[in-house]
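Before any comments, here is the structure.
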Amino acid sequence: MAARTRSEYDNSRPFDVHKWSDYPEVDKAVDHIYGEIVALGNIQRQNQPKTKKYIKVLTLDLYVAHVADSTQYIGYPRNHNELKNNRYNALFIKTDLLAKIIDWFIALGYVTNKLGHYFDASKRQSRVRATDKLISLIKDEFRVSPLMIRQHEDMETICLRDDQKKKIEYDDTPETNLMRKKLQYINDLLDKTLINLYLPDAELNKLMHRMITGKVESDIEHEEPRGAIDFNRRHLYRVFNNSSFEQGGRFYGGWWQGIPREYRKYIKINHMLTVEADFSGMHINLLYAQKGLEMPFDFPYHLDGMPEGTKEVVKRSLLTIINAKDRASALKSIRQQIREGKLTLPEGITKIEEIILPFEEKHEAIKEFFFSGQGVYLQKLDSMIAEEIMMFLAQKGIPALPLHDSFLVSHPQERALKHAMQQAYTKVTGRIAKIDNKTSLIGENRKRPEAELRQEQDWKVQSLTLSEEFKRQYRKYYENCQEWKEVTGNPNSFTYNRQRLFNKEVYGEIPIFSIH
């Protein structure tokens, strides 16, 4: 698929109004910048606390964006009414003062700014990016680490969107309050958890290039750019759709959700390799459950007499079939995916209808749910299951990383994860789930010769100390672990027993939290 025309300002993400830190190093940096702004003149001293709050939020977001990708810009509004005082702007950041402070940052040489403009017939919001001068001030002079930065505790984690995907206000209920309380509990655990990628620098740089540019293996093959990996993004939130708390509800926000699936096996949690487990055919099983039926097929995506590759097309098309409100729009969307190269028809198949019609016949019992917009209602069910799983594990001190219908945990907790998944699925649906394992380094290592594994281990560890060669090849991974230890004072050396991994100095005693 040919790449569309892009400018350097396309490498941008929205301004995050909830970046925060209570570390004294950050406060000292903010005081310094505030003093420089005062020296410029035209500032009202009676607004000192408010101005410092804006400086902190902006500085931290610029720093985090730079650490993830030094070429990345932050899009921000300059129109007066674009930032509103509502539950999605907990710090009450307003456009007029934000724009004024950005202008002061420009005068001080702390940012590069591009005002709103048109490019390729599209309007672009104003964009800003930290200069080396600002990064040097924060990082070198005041010793601020990205690990000192978090999402503000008042950030709204239960989001409701209308049919145009715009966030809207809502009245809290006991249900929304409980969802928020559970999510705060889960996020508190994730904030104390080291989650990173166990990759050598060369491979990590290759992945970062792919994430930023969309270039996969060559200049010919492209995918939609995903944006740089920000390892600080461990804070989850839920999104409900179409102005209804009965539609959607899935968990978003974790950096691990944005990387290509083939890299998930390299994720480490607290220095430990991970395993991933998912629900087999979750949505199609949920459709049968809604009819009070058991899934009648061991292989729901298999179609007799069809060529190799049909199963993958059926699985990927199913989401479109159950999300679309009518048949015509569903088939149009699938054909578009085929034209864009996102979906490939198997050899011998010329039309998507040749696959969709036999699939409908096979699943005649649930055919009424196809082309009915049912997908967002199924997302509510799978998000309820995900919430149960993460809460069950969090109460045991086990961090679990959600990927909608699959979950990652450190490998000693594989059994606990599968138990939680089965328990949650049965509680929500009344059915028994089928759970599959995804590819993991643990699984791959079981297939490798023992001598090869021993040789690799000797190379990594010499007398219980990482070898210099390992530190060179895995420099970014190693430095991230070292920085975590220095900032948190915690090496995250966990002890394993039959119940859980624990480190009381970090987590303390795990309290009991009722999820009923």
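Give just the number: which of (1) more than 16 Å from Gly109 (Cα to Cα); (2) free of Cβ contacts under 8 Å to residues at least 40 places away in the same chain does Asp61 not satisfy?
That leaves (2) as the condition not met.
Hey, can you tell me all the residues within the range 365-394 that are in contact with a helix residue (DSSP H, G or I) (Cβ under 8 Å, 6 or more places away or on another chain), among the polar types (S, T, N, Q) and surrounded by 18 or more Cβ atoms within 10 Å (Cβ to Cβ)?
Gln374, the sole residue that qualifies.
Pick from the range 79-100 the residues that are assigned to a helix (DSSP H, G or I) and free of Cβ contacts under 8 Å to residues at least 40 places away in the same chain: which of them is most open to solvent (accessible area, probe 1.4 Å)?
Lys100
Applying the selection to the range 395-409, what residues are in a loop (DSSP other than H, G, I, E, B) and either aliphatic (A, V, I, L, M) or open to solvent by less than 10 Å² (accessible area, probe 1.4 Å) (or both)?
Here is the first cut: in the range 395-409, the ones in a loop (DSSP other than H, G, I, E, B) are 395-400, 403-405.
Result: Gly397, Ile398, Ala400, Leu403.
Which condition number in (1) open to solvent by 40 Å² or more (accessible area, probe 1.4 Å); (2) under 24 Å from Thr193 (Cβ atoms); (3) part of a helix (DSSP H, G or I) is the one that Pro412 fails?
Tallying (1) open to solvent by 40 Å² or more (accessible area, probe 1.4 Å); (2) under 24 Å from Thr193 (Cβ atoms); (3) part of a helix (DSSP H, G or I), Pro412 fails exactly one: (1).
Can you tell me how many residues in the range 299-310 are within 13 Å of Lys362 (Cα to Cα), within 30 Å of the chain's Cα centre (by Cα) and not aromatic (Phe, Trp, Tyr)?
So the answer is 1.
Please identify the pairs in which a residue from the range 132-148 that is touching a residue at least 12 places away in the same chain (Cβ under 8 Å) and charged (D, E, K, R) has its Cβ atom under 9 Å from the Cβ atom of a residue that is open to solvent by 20 Å² or more (accessible area, probe 1.4 Å) and outside any helix (DSSP H, G or I), counting only partners at least 6 apart or on another chain.
As it stands, the answer is Lys133/Leu108; Lys133/Gly109, since those pairs meet every condition given.
Please go through the range 428-439 and pick out each residue that is over 18 Å from His404 (Cβ atoms) and not aliphatic (A, V, I, L, M). Break it down stepwise before answering.
So the first thing to find is which residues in the range 428-439 are over 18 Å from His404 (Cβ atoms), and the list is 430-432.
Of everything in the range 428-439, those that are over 18 Å from His404 (Cβ atoms) and not aliphatic (A, V, I, L, M) turn out to be Gly430, Arg431.
If you check Lys139 against the conditions, is it open to solvent by 50 Å² or more (accessible area, probe 1.4 Å) and either under 24 Å from Gly254 (Cβ atoms) or part of a helix (DSSP H, G or I) (or both)?
Criteria met by Lys139.
Looking at the structure I just gave you, is His66 in contact (Cβ under 8 Å) with a residue 24 or more places away in the chain, under 30 Å from His209 (Cβ atoms) and either surrounded by fewer than 14 Cβ atoms within 10 Å (Cβ to Cβ) or not aliphatic (A, V, I, L, M) (or both)? Break it down into steps so the answer makes sense when it comes.
Values: in contact (Cβ under 8 Å) with a residue 24 or more places away in the chain: yes; under 30 Å from His209 (Cβ atoms): yes; either surrounded by fewer than 14 Cβ atoms within 10 Å (Cβ to Cβ) or not aliphatic (A, V, I, L, M) (or both): yes.
Yes, satisfied.
Pick from Leu401, Leu378, Leu408, Leu357: which is more than 24 Å from the chain's Cα centre (by Cα) and of a type in the set (A, V, I, L, M, F, W, C)?
Values: Leu401 fails: more than 24 Å from the chain's Cα centre (by Cα); Leu378 fails: more than 24 Å from the chain's Cα centre (by Cα); Leu408 fails: more than 24 Å from the chain's Cα centre (by Cα).
So the residue among Leu401, Leu378, Leu408, Leu357 that is more than 24 Å from the chain's Cα centre (by Cα) and of a type in the set (A, V, I, L, M, F, W, C) is Leu357.
Could you please let me know if Tyr170 is surrounded by 14 or more Cβ atoms within 10 Å (Cβ to Cβ), modelled with pLDDT of 95 or more, among the aromatic types (Phe, Trp, Tyr) and closer than 20 Å to Pro14 by Cα?
In short, no.
Just the residues that are under 15 Å from Gln422 (Cα atoms), in a strand (DSSP E or B) and either without any contact (Cβ under 8 Å) to a residue 12 or more places away in the chain or in contact with an Asp or Glu (Cβ under 9 Å, 6 or more places away or on another chain) (or both), please, taken from the range 275-300.
Ala277, Asp278, Phe279
Any chance the range 424-433 includes a residue that's within 21 Å of the chain's Cα centre (by Cα) and closer than 30 Å to Asp162 by Cβ?
The answer is no, given that none of the residues of the range 424-433 is within 21 Å of the chain's Cα centre (by Cα) and closer than 30 Å to Asp162 by Cβ.
Where residues in the range 301-319 are open to solvent by 20 Å² or more (accessible area, probe 1.4 Å) and either β-branched (Val, Ile, Thr) or assigned to a helix (DSSP H, G or I) (or both), which of them is farthest from Ile355 (Cα to Cα)? Full working, then the answer.
Let us first name the residues in the range 301-319 that are open to solvent by 20 Å² or more (accessible area, probe 1.4 Å), namely 301-302, 304-309, 311-312, 315-316, 319.
Subset that is either β-branched (Val, Ile, Thr) or assigned to a helix (DSSP H, G or I) (or both): 311-312, 315-316, 319.
Working: Lys311: 9, Glu312: 11, Lys315: 11, Arg316: 12, Leu319: 15 Å.
Looking at the filtered set, the residue picked out is Leu319.
Filter the range 19-58 down to residues that are free of Cβ contacts under 8 Å to residues at least 60 places away in the same chain, assigned to a helix (DSSP H, G or I) and among the small types (Gly, Ala, Ser) and give me whichever is least open to solvent (accessible area, probe 1.4 Å).
So, considering only residues that are free of Cβ contacts under 8 Å to residues at least 60 places away in the same chain, assigned to a helix (DSSP H, G or I) and among the small types (Gly, Ala, Ser), the one least open to solvent (accessible area, probe 1.4 Å) is Gly35.
Of the conditions (1) open to solvent by less than 20 Å² (accessible area, probe 1.4 Å); (2) in contact with a Lys or Arg (Cβ under 8 Å, 6 or more places away or on another chain); (3) more than 30 Å from Lys166 (Cβ to Cβ); (4) at pLDDT 95 or above, Phe251 fails just one. Which one is it?
Phe251 satisfies all of (1) open to solvent by less than 20 Å² (accessible area, probe 1.4 Å); (2) in contact with a Lys or Arg (Cβ under 8 Å, 6 or more places away or on another chain); (3) more than 30 Å from Lys166 (Cβ to Cβ); (4) at pLDDT 95 or above except (3).
Within the range 433-450, how many residues turn out to be among the hydrophobic types (A, V, I, L, M, F, W, C) and without any contact (Cβ under 8 Å) to a residue 40 or more places away in the chain?
Number of matching residues: 0.
Looking only at the range 142-155, which residues are touching an Asp or Glu at 6+ places or on another chain (Cβ under 7 Å) and either open to solvent by 30 Å² or more (accessible area, probe 1.4 Å) or modelled with pLDDT under 95 (or both)?
From the range 142-155, those touching an Asp or Glu at 6+ places or on another chain (Cβ under 7 Å) are 142-145, 147-148, 150; that's our starting set.
Passing the criteria: Phe142, Arg143, Leu147, Arg150.
Quick check on my filter: what residues within the range 456-489 are of a type outside the set (Asp, Glu), over 20 Å from Glu203 (Cα atoms), open to solvent by 90 Å² or more (accessible area, probe 1.4 Å) and modelled with pLDDT of 90 or more?
The one that is of a type outside the set (Asp, Glu), over 20 Å from Glu203 (Cα atoms), open to solvent by 90 Å² or more (accessible area, probe 1.4 Å) and modelled with pLDDT of 90 or more: Lys485.
Out of the residues in the range 112-136 meeting the condition of being surrounded by 20 or more Cβ atoms within 10 Å (Cβ to Cβ) and out of contact with any Ser or Thr (no Cβ under 6 Å at 6 or more places or on another chain), tell me which one is nearest to Phe231 (Cα to Cα).
Applying the filter and picking the extreme gives Ala130.
The values are calculated or read from the model by the stated rules, or taken from the named source; none is laboratory data. Note that the structure is a prediction, hence the values are computed from the model and not measured. Ideal geometry is used to build each Cβ from the backbone, glycine not excepted, and the neighbour counts take in all protein chains shown. For accessibility, only protein heavy atoms count, side chains too; no ligands or nucleic acids. Shrake-Rupley method; radii C 1.70, N 1.55, O 1.52, S 1.80 Å.
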